[in-house]
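First comes the structure, then the notes that go with it.
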Amino acid sequence: MFTKSNSTPKYNTFQNIGFMIRLAWNSDEKMVLVLCLLIALLSVAQNLIDLYISPVILDAVENHVPVIRLLFTIAGFAIASMAVSAALTYARQNSSPGRISVRCEIVNLLNRKAATTAYPNLEDNRFLKLLEKSNEYTNCNQEAAGAIWETLTLLLINLTCFFLYGSLLTQVQPVLILVILATSGTSYFLSRHLDSYRYTHLDEEAEYAKRMLYLLNQAKDFGAAKDIRIFGLCTWLEELYEKNLEAFLAFHRKVEGVYLWARIADVILTFLRNGTAYAFLIYLVFQQEMDVPAFLLLFTAVDGFSSWVLGILDGFRTLHKQSLDISTIRECLDYPEIFSFTDGIPLKWETQKSYEIRLEHVFFRYPNASEDTLKDINFTLHPGEKLAVVGLNGAGKTTLIRLICGFYDPTAGHVLLNGTDIRTYNRTDYYTFFSAVFQEFSLLAATVAANVAQTEDEIDQKRVEDCLEKAGLRAKIKSLPRQYETCLNREVYEDAVLFSGGETQRLMLARALYKDAPFVILDEPTAALDPIAEADIYGKYNEMTQGKSSIFISHRLASTRFCDRILMLGDGKILEEGTHEELLNLGGKYAQLYEIQSKYYREKTEMNHTDMSKFTDREQTKFVYRKGEGRNVSE
């Protein structure tokens with residue numbers, strides 16, 4: 001169910017023009033502005049030459065001027081026309097790079113906003129829609145961010161020619177101008193109404209487009225290719241796409257119905273405007289109140305004046321539409337930031353200083369949720385301590401980590417760094433205190449070295465090699481033809497390599513080691529691996545993070561036994577706290593869950609080593625079925 005967007009644009013047309021002019025001026029593309037003016041002046045000159053060339057030559061012929069004078073007149077017009085045309089072509093060709101540069105500057109601003117905005121904004125549907133539409137309005141030179149310069153140039157041309165042609169027509173009959181202005185003005189307001197109609201339905205259009213784009217991306221996603229084929233998802237994806245496409249087309253049919261009536265009205269108005277003007281001029285000729293050269297001049301002027309009026313109105317309509325789009329871009333760029341990224345207290349990690357994080361009575365509730373996800377959380381991560389946070393899926397482990405990392409602020413309570421609430425610090429500086437490997441991580445379409453260093457500039461090659469050595473991946477990298485310059489991501493590079501799950505985890509470990517921050521966060525990065533592989537990776541993490549404060553998140557309790565302290569989460573609360581042995585001796589939730597998991601993995605191992613050939617088919621089926629339920633083999 002969609003609702004109309006009742007919001008009005010935050011910025012008006014003049015403000016958006018000023019924004020684009022300031023952007024061009026500040027990005028060293030001042031020639032964009034100069035060339036717009038130059039193109040406008042040359043275009044006006046070209047139109048005046050075209051307006052006067054035929055009447056002047058016809059008048060010379062009627063008055064029997066000498067042939068040599070006539071030839072000089074024709075040559076003068078021809079030379080002037082060619083010179084202006086050549087200069088106009090040169091100016092247009094040289095204006096394109098500057099316009100593209102300004103548009104790309106906006107793209108960079110949007111990318112920077114998306115990469116640096118407060119994390120909650122990335123879960124805010126309003127911000128995501130603004131970002132999606134902003135990317136659409138900047139993705140080519142025909143969209144608002146690139147096309148507005150052409151619109152402004154055409155408006156300058158149309159306005160200048162409007163006054164020049166209008167001064168000619170007022171000498172004949174001022175009523176003609178009123179008729180043309182009245183009919184053209186009506187056409188303009190119809191067109192403006194259509195733009196406003198489109199803007200009020202912007203969210204609905206964006207929602208349909210977002211759904212279809214998601215389905216297309218899933219169908220093309222290299223990571224989903226195996227699932228699509230194994231589970232036969234192709235038909236299902238096609239059906240979902242067709243369903244959303246039909247809804248999208250139905251929406252556009254409704255919009256086109258509104259546009260159709262507006263076009264019919266515009267045709268009628270055009271007929272009235274041009275028919276009245278031409279009939280009046282013909283009448284003057286028959287009444288011998290106008291000679292043929294004057295008729296030709298004014299006939300051309302009427303046609304041109306009509307086009308200039310329409311050009312002005314259409315230009316303002318186009319400018320209004322582009323202004324709405326640029327307003328959307330600016331709203332995205334100006335989207336409120338809830339964290340202190342620029343004005344917070346500066347924070348810098350000092351190697352000789354120790355740091356601790358303390359949570360005091362922390363509550364957290366997601367927007368529009370009816371219950372708190374975390375409830376009265378209290379604990380301290382001491383310097384150099386290895387802390388495990390365990391619990392079943394949905395216990396609040398990941399939310400807790402996001403609070404510690406500063407991605408969220410608590411709904412109530414405090415997250416303190418060395419006794420100071422992190423909300424008072426510069427949030428960007430605070431992020432530098434963490435090396436983290438999350439459940440969902442990204443591999444750059446870049447070299448192995450760049451993925452470890454997270455940059456392509458000033459890579460410390462020796463440090464990269466050392467981190468990969470510690471992570472147990474150096475031998476693998478050395479075996480590749482291009483070694484550390486091997487590219488990842490086959491969607492971009494044909495010769496890229498694909499790492500296994502365990503190898504990717506080790507690469508993520510090397511990346512975390514390279515950053516060398518005081519706090520290390522591991523938020524179930526090995527959830528997709530089997531328990532033995534997970535234990536191996538966590539063991540490697542443990543070895544490599546000696547002396548650092550570390551938090552290990554897992555729902556497999558056996559993987560975090562080496563930690564100094566374990567927090568057992570459940571229903572958003574800390575249910576139990578202690579070492580592995582202390583929690584087992586306590587005989588509470590942790591011990592119960594540990595026993596269940598241990599029993600499951602023991603039975604799974606037993607089943608893997610059982611000689612199934614001695615059972616009948618029916619007994620084998622019972623065996624597998626009961627093992628899946630965690631029950632004993634014997635009845």
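Laboratory data are not the source of any read-out in this text; all were calculated from the coordinates shown. Quick caveat, the model's predicted, so the values are computed rather than measured. Note that each Cβ is placed from the backbone with ideal geometry, even for glycine, and that neighbours are counted across all protein chains shown.
Output wanted: per-residue J couplings in Hz (rounded whole) for segment 406-411, from phi through Karplus 6.51 cos²θ - 1.76 cosθ + 1.60, θ = phi - 60°, x for Gly and Pro.
Values per residue, Gly and Pro as x: x, 6, 10, 9, x, 5 Hz.
What Kirkwood hydrodynamic radius do you get for segment 18-63 when you take the inverse of the mean 1/r over all pairs of distinct Cα atoms, in Å?
In segment 18-63 this quantity evaluates to 13.1 Å.
State the extension gain, in nm to one decimal, for the chain segment bounded by Glu385 and Asn368, taking 0.36 nm per residue of separation less the distance between their alpha-carbons.
Value of the extension gain: 2.6 nm.
Over all distinct alpha-carbon pairs, what is the Kirkwood Rh of the chain in angstrom?
Taking the inverse mean of 1/r over all distinct Cα pairs, the chain comes out at 31.3 Å.
Please list, ordered by chain and number, the residues whose modelled amide H lies under 5 Å from the amide H of Gly570; skip anything fewer than 5 residues away on the same chain.
Amide H neighbours of Gly570, under 5 Å, 5+ apart: Leu575.
Sum up the lysine pairs in segment 13-333 that clear both bars: alpha-carbon distance under 20 Å and a spacing of 8 or more or different chains.
13
Could you give the length gained on full extension between Leu284 and Thr270, defined as 0.36 nm per residue of separation minus the Cα-Cα distance, in nm?
Stretched fully, the Leu284-Thr270 segment lengthens by 2.9 nm.
Ranking Thr428, Thr117, Thr235 by Cβ neighbours within 10 Å, fewest first, what do you get?
Final ranking by Cβ density, sparse to dense: Thr235, Thr428, Thr117.
Please check which bits of segment 397-438 a label hung off Asp376 would reach, taking the label as a point 7 Å along Cα-to-C-beta and the cut-off as backbone N under 15 Å.
Hits in segment 397-438 for Asp376 at 15 Å: 412-414.
Which distance in nm do the two modelled labels at His252 and Cys140 give, with both placed 7 Å along the Cα-to-Cβ direction?
Reported label-point gap for His252 and Cys140 is 1.4 nm.
List the residues, sorted by chain then number, that are 5 or more residues from Ala436 or on another chain and whose placed amide H is less than 5 Å from its amide H.
Ile521
Of all beta bridges DSSP finds with both residues in segment 357-581, what is the antiparallel percent, to the nearest 5?
50
I want to check the label-to-label distance for Phe189 and Thr411. Put each point 7 Å from Cα in the C-beta direction and report it in nm to one decimal.
Distance between the two pseudo-spin positions: 5.1 nm.
Count the DSSP beta bridges whose two residues both fall in the chain, then state the antiparallel fraction as a percent rounded to the nearest 5.
45
For Thr579, which sequence-distant residues (separation of 5 or more, or a different chain) have an amide H within less than 5 Å of its own amide H, given hydrogens modelled in the peptide plane?
Ile566
Looking at segment 232-310, which GluC sites (Glu not before Pro) are in a loop (DSSP not H, G, I, E or B) and have at most 12 other Cβ atoms within 10 Å?
The qualifying sites are Glu289.
Run the count for segment 353-501, please: Lys pairs, Cα-Cα under 22 angstrom, 8 or more apart or on different chains.
Value for segment 353-501: 8.
With a point put 7 Å past each Cα toward its Cβ, work out how far Thr455 is from Lys10 in nm, to one decimal.
Between Thr455 and Lys10, the label points sit 3.1 nm apart.
Once the Cβ-Cβ distance between Asn125 and Leu48 is put in as r, and R0 is 41 Å, what FRET efficiency do you end up with, to the nearest 0.05?
0.15
For the chain, which span is the longest to avoid every loop-located (per DSSP) member of trypsin sites (Lys or Arg not before Pro) having at most 10 other Cβ atoms inside 10 Å?
With trypsin sites (Lys or Arg not before Pro) excluded where exposed in loops, the chain gives 1-347 as its longest stretch.
Taking a temperature of 10 °C and a viscosity of 1.306 mPa s, what whole-number D in µm²/s does Stokes-Einstein yield for segment 223-289 with Rh from Kirkwood over alpha carbon pairs?
Roughly 93 µm²/s, to the nearest whole number.
Under 12 Å from a point 7 Å along the Cα-to-Cβ line of Tyr197: which residues of segment 239-253 have their amide N that close?
Those under the cut-off are 252-253.
What FRET efficiency, computed as 1/(1 + (r/R0)^6) with R0 = 56 Å and r the Cβ-Cβ distance, is obtained for Leu33 and Lys599, rounded to the nearest 0.05?
That gives a FRET efficiency of 0.15.
So what's the back-of-envelope 222 nm ellipticity for the chain, counting only DSSP H runs of four-plus at -39500 (n - 2.57) apiece and dividing by all residues, rounded to 500?
-21000 deg cm²/dmol
How much length is gained if the chain between Glu337 and Ile228 is pulled fully straight, taking 0.36 nm per residue apart and subtracting their Cα-Cα distance, in nm to one decimal?
Value of the extension gain: 35.3 nm.
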